[in-house]
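Comments concern the structure below.
The values are calculated or read from the model by the stated rules, or taken from the named source; none is laboratory data. Predicted model, so just to flag it, every value in this text is computed and none were measured. Cβ: placed from backbone, ideal geometry, glycine included. Neighbour counts: every protein chain shown.
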Amino acid sequence: MENPPVRFPALIAKTIISHTLTYFLMGVLAAHFLNYAALMAQPGSGMRPITSPWVIAGPLFQPLRGLIFALVFYPLRSVLFGRKNGWLLMGWMLVALGILSTFGPAGGSIEGLVYTPTPVLLQLRGWLEVIPQALLLSALLCYWVNHPEKKWMNWTFGVLFFVAMVLPILGLLVGRPR
């Protein structure tokens with residue numbers, strides 16, 4: 001596979017969109033199948049309830065995370081993009097550095113498993129959301145960057161990104177007390 005030229009502004013946009021869409025998708029699936037509402041409502045969960053305006057607004061903050069990811073991916077573009085298994089390397093980087101080896105005791109990380117009283121199985125349950133999201137983000141982004149000729153992806157993912165941004169805004173507006 002020939003290395004396509006990766007332009008910084010395009011990588012930023014594609015990373016922001018890919019991250020936000022995969023975050024939104026995996027968040028919706030996890031909220032439903034892992035029953036996040038009940039989990040987050042438990043006293044001592046350390047999380048805001050799923051009805052909190054901050055939680056509802058969560059997807060609106062994901063473009064910032066996508067930008068941070070793009071700032072990491074760009075200097076590594078020659079090993080991540082235009083290569084057959086670049087997406088696997090990117091996925092492993094996200095899992096290793098962003099999930100397993102965080103500097104703080106985040107749930108499901110080595111630090112979280114050692115330093116928090118949260119039961120191990122409860123922490124590992126979170127992997128069902130975050131590891132597939134990291135791999136899905138990697139696969140989607142690498143495919144999109146490696147195939148710039150597929151213009152339909154720009155339009156499709158752009159529209160889906162717009163919807164993913166509008167839905168939380170509508171949720172916040174509808175949920176406001178009158």
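VAL174 meets all of the listed conditions (1) within 20 Å of the chain's Cα centre (by Cα); (2) surrounded by fewer than 19 Cβ atoms within 10 Å (Cβ to Cβ) but one, namely (1).
The set of residues in the stretch 1-50 being within 30 Å of PRO119 (Cβ to Cβ) and not in a helix (DSSP H, G or I) consists of LEU34, ASN35, GLN42, PRO43, GLY44, SER45, GLY46, MET47, ARG48, PRO49, ILE50.
Which residues, counting only those in the stretch 144-164, are surrounded by 15 or more Cβ atoms within 10 Å (Cβ to Cβ) and of a type in the set (Phe, Trp, Tyr)? Result: TRP144, PHE157, PHE161.
Does GLN133 satisfy the condition of being touching a Leu at 6+ places or on another chain (Cβ under 7 Å), part of a helix (DSSP H, G or I) and under 26 Å from GLY46 (Cβ atoms)? Criteria not met by GLN133. For the stretch 17-57, which positions are at pLDDT 95 or above and not hydrophobic (A, V, I, L, M, F, W, C)? Selection gives SER18, HIS19, THR20, THR22, TYR23. The helices (runs of 4 or more DSSP H) found entirely in the stretch 51-128 that carry 1 or more residues being farther than 22 Å from ALA139 by Cα and among the aromatic types (Phe, Trp, Tyr) are 53-56, 110-115. Residues in the stretch 106-130 that are surrounded by fewer than 19 Cβ atoms within 10 Å (Cβ to Cβ) and among the hydroxyl-bearing types (Ser, Thr, Tyr) were compared, and the one that is farthest from GLN42 (Cα to Cα) is TYR115.
Across the stretch 76-105, the qualifying residues are those that are in contact (Cβ under 8 Å) with a residue 60 or more places away in the chain and out of contact with any Cys (no Cβ under 8 Å at 6 or more places or on another chain), and the one among them that is surrounded by the most Cβ atoms within 10 Å (Cβ to Cβ) is ARG77. Could you identify the single residue in PHE61, PHE73 that is out of contact with any strand residue (DSSP E or B) (no Cβ under 9 Å at 6 or more places or on another chain), among the aromatic types (Phe, Trp, Tyr) and free of Cβ contacts under 8 Å to residues at least 60 places away in the same chain? Going through PHE61, PHE73 in turn, the sole match is PHE61.
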